[in-house]
1. State, to one decimal in nm, how far the label point of Ser68 lies from the label point of Glu4, with both points 7 Å from Cα in the Cβ direction.
2. Ordered by residue, what ³J(HN,Hα) values in Hz, to whole numbers, does region 44-55 give under the Karplus form 6.51 cos²θ - 1.76 cosθ + 1.60, where θ = phi - 60° and Gly and Pro are x?
3. Once phi is turned into ³J(HN,Hα) by the Karplus curve 6.51 cos²θ - 1.76 cosθ + 1.60 with θ = phi - 60°, what whole-Hz value does each residue of region 9-23 show in order, with x for glycine and proline?
4. Find which of Leu47, Gly27, Ile10 sits farthest along the positive direction of the dipole of the chain, computed with +1 on the beta-carbon of Lys and Arg, -1 on that of Asp and Glu, about the Cα centre.
5. Give, rounded to the nearest 20 debye, the magnitude of the charge dipole that the chain has about its Cα centre when Lys and Arg contribute +1 at Cβ and Asp and Glu contribute -1 at Cβ.
Amino acid sequence: MKAEKLLERITLNPDVMTGKPVIRGTGLTVQFIIGLLAHGASVEEILEEYKGLTREDVTACLLFATESLPRTPFR
């Protein structure tokens, strides 16, 4: 799947989760999914726990994070 299509899975809305990027149609933030992965959860475990998610949703979170990093200033 092309990057543009993957990124369409991520939405930003100030009225949803205080404007944090979320997976479309869910209340799950990109930050939450990345955090699960960082703490050792496998994609399969995440998909099993959150039945509405797809592998593409998780990939979209990773792509969104990767695309966002260059715009993030270091402290």
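1. 2.3
2. Running phi through 6.51 cos²θ - 1.76 cosθ + 1.60 with θ = phi - 60° gives 4, 5, 5, 5, 5, 6, 10, 4, x, 7, 10, 4 Hz.
3. Once rounded to whole Hz, the list reads 6, 9, 10, 10, 9, x, 8, 10, 6, 6, x, 5, x, 10, 6.
4. Highest projection toward the positive end goes to Ile10.
5. On the way: 9 positive and 10 negative charges, 60 e Å.
Here the size comes out at about 280 debye.
Bear in mind these aren't lab numbers, they're just calculated from the coordinates by the rules spelled out. As the structure is a prediction and not an experimental result, all values here were calculated from the model. All Cβ positions, even for glycine, are placed from backbone atoms using ideal geometry, and neighbour counts span all protein chains on display.
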